[in-house]
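**Student:** Sharing a structure below in structure tokens format, with a few things to ask.
The values are calculated or read from the model by the stated rules, or taken from the named source; none is laboratory data. Bear in mind the structure is a predicted one, so any value in this text is a computation, not a measurement. Here the Cβ positions follow ideal geometry from the backbone for every residue, glycine too, while neighbour counts run over all protein chains shown.
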Amino acid sequence: MPASSPASTGEMARIPGMKTQRNAELGLLAFAMILVAAYGATVEASRIGEITPTFWVPAALLSILFLGLHFVVRYTAPYADPVLIPAVALINGLGVGFLRRLDIGDALSDKQPVPSVFAGIGGRQLVWTLIALILAAILLLVVRDHKIVSRYAYTLGLTGIVLVMIPAVLPASISEVNGAKLWIRLGAFSIQPGEFAKIALVSFFAYYLVRKREVLSLASRRVLGIDFPRGRDLGPVVTVWLLSLLVLVFEKDLGTALLYFGLFVVTLYVATERASWLIIGLLLFFGGVYVAYLLGASVGGPFANFYDRAQVWLNPFDNENYERLGGSYQLVQGLLSLGTGGLFGSGPGGGSPRFVPEVQNDFIFAGMGEEIGLFGLSALLVLYLLIVERGLRSALAVRDSFGKLVAGGLSFTLGLQIFVILGGITGLIPLTGQTTPFLSSGGSSLMANWLLIAMLLRISNAARGPAASGGGTDRAGGGPKKAPVQLHGAMTEVIKP
Amino acid sequence: MPEFVLTVARFGFLILLWIFVFTVVGVIRRDLFAGVRSKSIVASPRGVGGAVPADRPAAKAKRGKAARQLVVTAGQLAGTRITLGEIPITIGRAEDSTLVITDDFASARHARLVLRDGQWFVEDLGSTNGTYLDRGKVSGPTPVPLGVPIRIGRTSLELRP
């Protein structure tokens, strides 16, 4: 059988004439860092009244970090997408800048001297960025071929479930923050394991669905004009999904539940190319939400939280909702912030974001919106859109199904997360606690999302590189001599009549 | 800080932000059209089945230029491009093919393209429904000129410079 011919080129051999676009990436990165520095300078000018001599330090530090990642990409994934890193770097940098702006604002209102660059939440975010970028670089260095990941699919699936479950099992004193049991808190240090679980779960779903794809889309029973696959084929995926959902009910976090549900439905849709999955998913979701709402109104108990949130969403300006503890105060303040900002905002450093509770986390978009206005926010939104688009394009272009599903699932998750939190802040959908990717303060979210970007870079490298690196030809990578076990090793199941 | 400077900084920042967005879009745009040197940027729509325009001089047409890309012009994967190196390209439904086509009329290992002395050859790998170069069925390794459709089931592929 003239199967794939081994092209063990070790390091990726560059083929002359192929554009790697790495220089474009470097240029964009420099531009992004200039913007971050300009933001810092504007903040200091309007907040302190003068530009301090150290205004460029955060931007310079970030530049060094991103430059490091850029060189890792140059070396390990030369054909990766040129837009992902600069766009994410800009958002990340503006996030750091905004958090530093909050530090400066807090210090000045307390009549304290201007905090140093490394102090406060801004400084902490810098450190988190460093750690996140190191993790991303490690992922790029270790995973030289995204198909290797499929070897550990079941391990990853199990890890994902365990990660989601840890906070539910832990006592509330360690795991609960603001009513949501999502955390592991050890002293000053806290992580949100669920953020990492999404990457693991995407890989598991992708692997499993690639193997079962044909069975799922062909051996189905037609009920009411919609094709349902056989239960036994779907078992493990549904189990994983139900487990994560159950756990999330106990952790009282609707946003993450919605994220996993959307991820599950979309991966299924991409794998089977059947729109019926989307319809089933949406119906199930809206049905479930409505039932939960009714249950919350009549029974209360675990659903009461959800009912309250729906009330806040429907009538934020209702006085009773506004006054109530945990009511619509935050949402209303966020909306007022966005309204005050108007079209062009009050200028970086010119607003008063501290009126909004949790402005450094969930509501960072409202806080930034007050200062950069609709004009600036839409630029950020377009950047997010482009990041997701590049991920989906890699999914379209990559030539193996596992890569397609992973890239598609990851980019969709990122997009959905942005939708969930922005929809919540702007009152489009009920507010659920989610971090704004790359922008909000917090290490887990930053690390997990940079890992996600590293994975997308890896897949886009395979998608855009010469055929040898992306197709079925095995490449021994830097790793063990044995060629990676690929999905074709485990043949897709064949339907027997 | 005088008010004027602040206003300039404020709007300057927003404008720079948008310039960045448009630069990113520009890079994406260049990236999309990179390597497209043929006149038609868009592959022929589905179902047209890689119908070669009658006036195209088929075989000898563009000799001399090296093929750089393999483009799918019809079928489910229409629009897909593979940049050619020196490695053979395998085509079929099997998951390990370079180009995995989900076409009911394709075999698991349907055909492959091999580079020999600067010329790409197409070779049928014992497929059930055969591989066609333009109109003729491929029986042995056959040189593939640029722009001539290779047909596998409902899928058409072409070499492009």
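**Student:** I'd like to verify a number: residues in segment A:412-422 that are crowded, with 24+ Cβ neighbours inside 10 Å and out of contact with any helix residue (DSSP H, G or I) (no Cβ under 8 Å at 6 or more places or on another chain), how many?
**Tutor:** The qualifying residues number 0.
**Student:** If you don't mind, there's one more thing I want to ask. Can we say residue A:462 is touching a residue at least 40 places away in the same chain (Cβ under 8 Å), more than 10 Å from chain B (Cβ to nearest Cβ), closer than 25 Å to residue A:272 by Cα and more than 17 Å from the chain's Cα centre (by Cα)? Let's see the steps before the verdict.
**Tutor:** Details: touching a residue at least 40 places away in the same chain (Cβ under 8 Å): yes; more than 10 Å from chain B (Cβ to nearest Cβ): yes; closer than 25 Å to residue A:272 by Cα: yes; more than 17 Å from the chain's Cα centre (by Cα): yes.
So residue A:462 passes the test.
**Student:** Could I ask something else about it? Scan B:133, B:113 and give me the residue that is in contact with a strand residue (DSSP E or B) (Cβ under 8 Å, 6 or more places away or on another chain), more than 11 Å from chain A (Cβ to nearest Cβ) and modelled with pLDDT of 85 or more. Reasoning before the result, please.
**Tutor:** Working: B:113 fails: more than 11 Å from chain A (Cβ to nearest Cβ).
Result: B:133 is the single residue among B:133, B:113 that is in contact with a strand residue (DSSP E or B) (Cβ under 8 Å, 6 or more places away or on another chain), more than 11 Å from chain A (Cβ to nearest Cβ) and modelled with pLDDT of 85 or more.
**Student:** Residue A:349 passes all but one of (1) free of Cβ contacts under 8 Å to residues at least 40 places away in the same chain; (2) assigned to a loop (DSSP other than H, G, I, E, B); which number fails?
**Tutor:** (1)
Quick grid of which residues meet (1) within 19 Å of the chain's Cα centre (by Cα); (2) aromatic (Phe, Trp, Tyr); (3) under 30 Å from residue A:56 (Cβ atoms); (4) part of a helix (DSSP H, G or I):
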residue	(1), (2), (3), (4)
A:113	no, no, yes, no
A:117	no, no, yes, no
A:121	no, no, yes, yes
A:134	yes, no, yes, yes
A:197	yes, no, no, yes
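**Student:** Another question, if that's okay. Within segment A:404-411, is even one residue at the interface with chain B (Cβ under 10 Å from one of its Cβ atoms), surrounded by fewer than 24 Cβ atoms within 10 Å (Cβ to Cβ) and assigned to a helix (DSSP H, G or I)? Write out each step before concluding.
**Tutor:** Pass one, segment A:404-411, residues at the interface with chain B (Cβ under 10 Å from one of its Cβ atoms): A:404.
Subset that is surrounded by fewer than 24 Cβ atoms within 10 Å (Cβ to Cβ): A:404.
Of the ones still in play, those that are also assigned to a helix (DSSP H, G or I) are A:404.
Yes, that holds for at least one residue.
**Student:** Among the residues of segment B:92-137, which ones are part of a loop (DSSP other than H, G, I, E, B) and among the charged types (D, E, K, R)? Lay out the reasoning, then the answer.
**Tutor:** First, pick out the residues of segment B:92-137 that are part of a loop (DSSP other than H, G, I, E, B): B:93-98, B:101-110, B:117-118, B:125-130, B:134-135.
Of everything in segment B:92-137, those that are part of a loop (DSSP other than H, G, I, E, B) and among the charged types (D, E, K, R) turn out to be B:93, B:95, B:96, B:103, B:104, B:109, B:117, B:134, B:135.
**Student:** Another question, then. Hey, can you tell me all the residues within segment A:352-376 that are hydrophobic (A, V, I, L, M, F, W, C), more than 8 Å from chain B (Cβ to nearest Cβ), without any contact (Cβ under 8 Å) to a residue 60 or more places away in the chain and in contact with a helix residue (DSSP H, G or I) (Cβ under 6 Å, 6 or more places away or on another chain)? Before you say what the answer is, go through the steps one by one.
**Tutor:** Step one: of segment A:352-376, the residues hydrophobic (A, V, I, L, M, F, W, C) are A:355-356, A:359, A:363-366, A:368, A:372, A:374-375.
Checking which are more than 8 Å from chain B (Cβ to nearest Cβ) leaves us with A:355-356, A:359, A:363-366, A:368, A:374.
Among the residues that remain, those that are also without any contact (Cβ under 8 Å) to a residue 60 or more places away in the chain are: A:355-356, A:366, A:374.
Scanning segment A:352-376 gives A:355, A:356, A:366.
**Student:** Any idea which of (1) modelled with pLDDT of 80 or more; (2) surrounded by 13 or more Cβ atoms within 10 Å (Cβ to Cβ) is the one residue A:323 doesn't satisfy?
**Tutor:** So residue A:323 meets the others, but not (2).
**Student:** Does segment A:73-86 contain at least one residue that is of a type in the set (Lys, Arg), away from chain B (no Cβ under 14 Å) and within 23 Å of the chain's Cα centre (by Cα)?
**Tutor:** Residues of segment A:73-86 that are of a type in the set (Lys, Arg), as a first pass: A:74.
Narrowing the set further to residues that are away from chain B (no Cβ under 14 Å) leaves A:74.
Okay, now just the ones that are also within 23 Å of the chain's Cα centre (by Cα), so none.
No: segment A:73-86 contains no residue that is of a type in the set (Lys, Arg), away from chain B (no Cβ under 14 Å) and within 23 Å of the chain's Cα centre (by Cα).
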